[in-house]
Ligand SMILES: [Fe+2]
């Protein structure tokens, strides 16, 4: 009983309630900008000894699903990323994503997409997300991540990325490929 009460009062549960309160039908174009300050507030106010945060760090998993909403389908992920961890440029199809605490590179696409499997991209910007700072990446935005130091990274997904069509890019080879469903 005590564990349940403690859980109801956790910063993570409060955060989920706040998201559900603004979610509506999930189609509002400014929804990402409404959820962004909620994630920033979560990162600012959660102490390292709060049970869910302490567990995320102690277990050290590279990817942990902290919450999946049974009604609206959004997902909050937590990641322990070792120094030097990086991934390839990719998009999130029709979904948007909020990243907190990591270095993110964004890309612009230079070709018109008319040749299947080919894509020419160039680096556009680098966002250094310091603790408590959150950026939104909108539908189709191409980005990659790198961890200049060991980091705990929070990724809010507007929907399950394993259930949508999205792409991964190889900048050196100039290719693009569908991300295979898990
Ligand atoms: Fe991403």
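The values are calculated or read from the model by the stated rules, or taken from the named source; none is laboratory data. All values derive from a computational prediction rather than experimental measurement. Here Cβ is always computed from backbone atoms with ideal geometry, including for glycine, and neighbour counts include all displayed protein chains.
Structural remarks
- The set of residues in region 67-91 that are outside any loop (DSSP other than H, G, I, E, B), within 23 Å of residue 25 (Cβ to Cβ) and in contact with a helix residue (DSSP H, G or I) (Cβ under 6 Å, 6 or more places away or on another chain) contains only 67.
- Checklist (1) away from the ligand (no atom under 15 Å from the Cβ); (2) assigned to a loop (DSSP other than H, G, I, E, B) applied to residue 62, failing item: (1)
- Criterion violated by residue 13 - all others in (1) touching a strand residue (DSSP E or B) at 6+ places or on another chain (Cβ under 9 Å); (2) under 30 Å from residue 178 (Cβ atoms); (3) without any contact (Cβ under 8 Å) to a residue 40 or more places away in the chain satisfied: (2)
- Consider region 138-169 and keep the residues that are in contact with a helix residue (DSSP H, G or I) (Cβ under 7 Å, 6 or more places away or on another chain) and either more than 11 Å from residue 96 (Cα to Cα) or away from the ligand (no atom under 13 Å from the Cβ) (or both). The one that is modelled with the lowest pLDDT is 152.
- The residue that is farthest from the chain's Cα centre (by Cα), among those in region 124-145 that are surrounded by 13 or more Cβ atoms within 10 Å (Cβ to Cβ) and over 22 Å from residue 164 (Cα atoms), is 124.
- Only a single item in (1) surrounded by 15 or more Cβ atoms within 10 Å (Cβ to Cβ); (2) touching a strand residue (DSSP E or B) at 6+ places or on another chain (Cβ under 8 Å); (3) assigned to a helix (DSSP H, G or I) is not met by residue 18, and it is number (2).
- Residue check for residue 66: buried (at least 17 other Cβ atoms within 10 Å of the Cβ), modelled with pLDDT under 95 and more than 21 Å from residue 139 (Cα to Cα): no
- Residue check, residue 132 at positive phi and within 15 Å of the ligand (Cβ to nearest atom): no
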